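Worksheet: one structure, shown below.
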Amino acid sequence: MESDSQSGRENGIVESVLPISNWLPRYDRSWLRADALAGITVGAAVLPEGMAYASLAGLPPETGLYASLLALLVYVFVGASRQVVYGPTSALAILVATGVGSVAAGSPADYAALVAVTTMLVGLVSVVAWLFRLGFVVNFISESVLTGFSAGAALYITATQLDKLFGIPRASGTFFERLGFVVTHLGATNLPTLAVGVGALALLVLGERYARRLPMALIVVLLATGLVAVTDLQRRGVEIVGRIPSGLPPLSIPTPPTGTLSDLVPVAFALFLLSYVEGMSAVETFARRHDDAVDANQELLADGLTNVAAGLGHGFVVGGSMSRSALNDEIGGKTQLASGVAAAVLALVLVFLTDLFTTLPETVLAAVVIVAVAGLVDVPELRRIYRIDKLEFGTAASAFFGVLVFGMLDGVFIGVFVSLLVVVGRATYPNTATLGRVPDSDEFSDLSRHPENERVPGVLVYRVDAELFFANAPTIRAEVIDAVDGRDSPVSLVVFDMRSSPTIDLTAADMLASLAEDLDERDIDFRLAEADGAVRDVLAATGAGVFDDMPLNERVVTVIEKWERNR
């Protein structure tokens, strides 16, 4: 029996670390056709996007394919989502370029090594977070902030591609600096480059609208590659990606240049946050659609191991891709095996077909990036946020302008800071209510929402819709005093309704005791009502005598009736 129990625990550990051990033995062969079709389609989409995002990150095109291949392969074993596809994303690529680029100080040789080291650091941070069960960290970055950040990132990324699209000298700096550079250098536009790029944009947009199931990006890339191969466009200034080395990614542990590791840590932390948030957004989206369970901590491990693999293969940071996951789901992928098929497609291309892309114009890669990031600007969602909650819209706007004004790296930290600030602000200033008695009942509810409720003469009933702790204790105390002073008639009793405050800390308990004493000096009685057991335990542990004779858990109406009888 003991050995069976130990074996069961070991199997549970294996399943929690390697979800493939759970779903593969139960794999239905009838799913194979759907997984194969989805995997081939996703692989076809990854090919141009992987090369485009490598260019966006300032790296050779093959590094995007290396990162995609390894991320897809590892996610088959450690990924818990049946739909999510891991690989490079536009936001991660540009954050790599801006974050690691500042550390590399313009050295191309150092830059590639620094990117690989940073990618491994991202993976290690994620694995450590998994060990400490920190999957909840994603909850501290609100959807509003992510929406604003994504919109800002889309505009910023588009600005980084305009110079390639127009065939003008390379720009640098923030969104506005890049935009200004492009405007002032329009006279240097290479017309053949612009024509090819605009043509690619038109085909991609039409494909998005009318042929979503076709690998339109790959079709456009192959058409443009063939066009350059049979014309003199290259001699007329159309830049191409050049030779792409054939073969599978070389695996080795990258070595950072001396003295750079400490500078990479904050960059890696920002990339980890963005990678994990992007991945979890995709996981939660498709889990809701298919009524699947979500394991935030397992996704931490998946994010960590995919990035460690990408770093070992000299790729760059990867995360869950919403667009490729949506494609996988739309085609009908049933399990993580679809990612394995996509990885096989990339492996075949890397080994046998890299020569096909030698004459690929860089302006086409720019077009692929621009169309890919266009979906990050969710105008209807921004309008909805503005209509429902102006404060939430303010947080979205701060992340949006943080990216545009300060850049991607600072934009990530601004988004995180604003998210935490909102959490602290809502905790410090929780929703509160002065209650009145519902006509013809013993219930009490918010007077501001139900003005028909009856005020009990001489009684103030007050409620906080939040936990009571050190951050909001001073605010609540001041508000109760203001409510007493603001009443038209004198208050003789304050009833603090604890129904919506299931927990309390020592600071808040001391505040309530002090509030009771202050009100007593003004000949105002103070009572607590409907306090949970955990709250009563803390109040009793404080040793404050003011609570000794209070039942604490009685209903508001009972407290008031007893007080009226004893007056």
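The values are calculated or read from the model by the stated rules, or taken from the named source; none is laboratory data. Fair warning: this is a prediction, and the values are worked out from it, not measured in the lab. Cβ atoms come from the backbone with ideal geometry, glycine included; neighbour counts cover every protein chain shown. Ligands, DNA and RNA are excluded from the accessible area calculation, which covers all protein heavy atoms including side chains. Shrake-Rupley method; radii C 1.70, N 1.55, O 1.52, S 1.80 Å.
Here segment 482-499 is scanned for amide nitrogen atoms under 18 Å from the site 7 Å beyond the Cα of R449 along Cα-to-Cβ, giving 497-499. Relative contact order of segment 474-556, taken over Cα pairs closer than 8 Å and 6 or more residues apart, is 34 percent. Using C-alpha pairs under 8 Å with a sequence gap of at least 6, the mean separation divided by the residue count of the chain gives a relative contact order of 22 percent.
Of the listed values [x] 38, 29, 22; [y] 60, 28, 17; [z] 56, 28, 21, grab the one calculated as semi-axes √(5λ) of the Cα gyration tensor in Å from the structure here. Comparing each candidate, only [z] matches the computed number.
Which FRET efficiency, nearest 0.05, do F406 and V183 yield, Cβ-Cβ r, R0 35 Å?
With R0 = 35 Å, the Cβ-Cβ based efficiency is 0.95.
Is the C-alpha gyration tensor of segment 73-149 telling us rounded, prolate or oblate? Criteria: a/c under 1.5 is rounded; beyond that, a/b larger than b/c is prolate, otherwise oblate. It comes out prolate by the Cα gyration axes. Using the Cβ of N328 as centre and a radius below 15 Å, the other residues enclosed give a net charge of +2, where K and R count +1 and D and E count -1.
Kindly identify segment 214-253 as rounded, prolate or oblate by the Cα gyration tensor criterion: order the square roots of the eigenvalues as a ≥ b ≥ c, call it rounded if a/c is under 1.5, otherwise compare a/b with b/c, prolate if a/b is larger, else oblate.
Values: a/c = 3.27, a/b = 1.56, b/c = 2.10.
It is oblate, given that a/c is not under 1.5 and a/b is not larger than b/c.
Computed from the Cβ-Cβ distance with R0 of 22 Å, the FRET efficiency linking R170 to D110 stands at 0.70. Residues whose amide H comes within less than 5 Å of that of L435, counting only those at least five positions distant or on another chain, are L447, V461, Y462, R463 (H built at 1.01 Å from N in the peptide plane). Residues in segment 204-215 carry Karplus couplings, in order, of 5, 5, 4, x, 4, 8, 10, 9, 5, 7, 7, x Hz; the curve used is 6.51 cos²θ - 1.76 cosθ + 1.60 with θ = phi - 60°, and Gly or Pro positions show x. The distance linking segment 492-567 with segment 194-225 is 68 Å (Cα centroid to Cα centroid, whole angstrom).
Residues within the reach of a label modelled at A427 (point 7 angstrom out along Cα to beta-carbon, backbone nitrogen below 18 Å), restricted to segment 503-533, are 503-511. For the chain, the share of accessible area belonging to carbon and sulfur comes to 60 percent (1.4 Å probe, ligands and nucleic acids excluded).
Net charge near Y429, counting Lys/Arg +1 and Asp/Glu -1 over other residues with Cβ under 14 Å of its Cβ? Let's see the in-between values first.
Values: positive: R426, R477; negative: D465, E467, E479, D482.
Taking every other residue near Y429 into account, the sum is -2.
Per residue, the average separation of C-alpha pairs within less than 8 Å and at least 6 apart gives segment 26-94 a relative contact order of 28 percent.
Here segment 130-158 is scanned for amide nitrogen atoms under 15 Å from the site 7 Å beyond the Cα of R209 along Cα-to-Cβ, giving none.
Computed over the chain, the per-residue total of -39500 (n - 2.57) for DSSP H runs of n ≥ 4 gives a 222 nm mean residue ellipticity of -20500 deg cm²/dmol, rounded to 500.
Once you sort the root eigenvalues of the Cα gyration tensor of segment 104-166 as a ≥ b ≥ c, which label holds: rounded (a/c under 1.5), prolate (a/b larger than b/c) or oblate (the other case)? Don't skip to the end; give the middle numbers.
Working: a/c = 4.43, a/b = 1.20, b/c = 3.69.
It is oblate, given that a/c is not under 1.5 and a/b is not larger than b/c.
Candidates V341, V546, Y27 compared by Cα position along the dipole of the chain: farthest toward the positive end lies V341, with charges placed on Cβ. Placing pseudo-labels 7 Å out from each Cα toward the beta carbon at D488 and R383 gives an inter-label distance of 4.3 nm. Each residue of segment 292-300 was assigned a 3J(HN,Hα) from its phi angle through the Karplus curve 6.51 cos²θ - 1.76 cosθ + 1.60 (θ = phi - 60°); the sequence is 9, 7, 10, 10, 4, 6, 5, 5, 4 Hz, with glycine and proline shown as x. With θ taken as phi - 60° and the Karplus curve 6.51 cos²θ - 1.76 cosθ + 1.60 applied, the whole-hertz 3J(HN,Hα) list for segment 244-251 is 10, x, 8, x, 6, x, x, 9 Hz, x standing for glycine and proline. Per residue, how much accessible surface does the chain expose to a 1.4 Å probe? Answer in Å², no decimals. Solvent-accessible surface per residue comes out at 45 Å².
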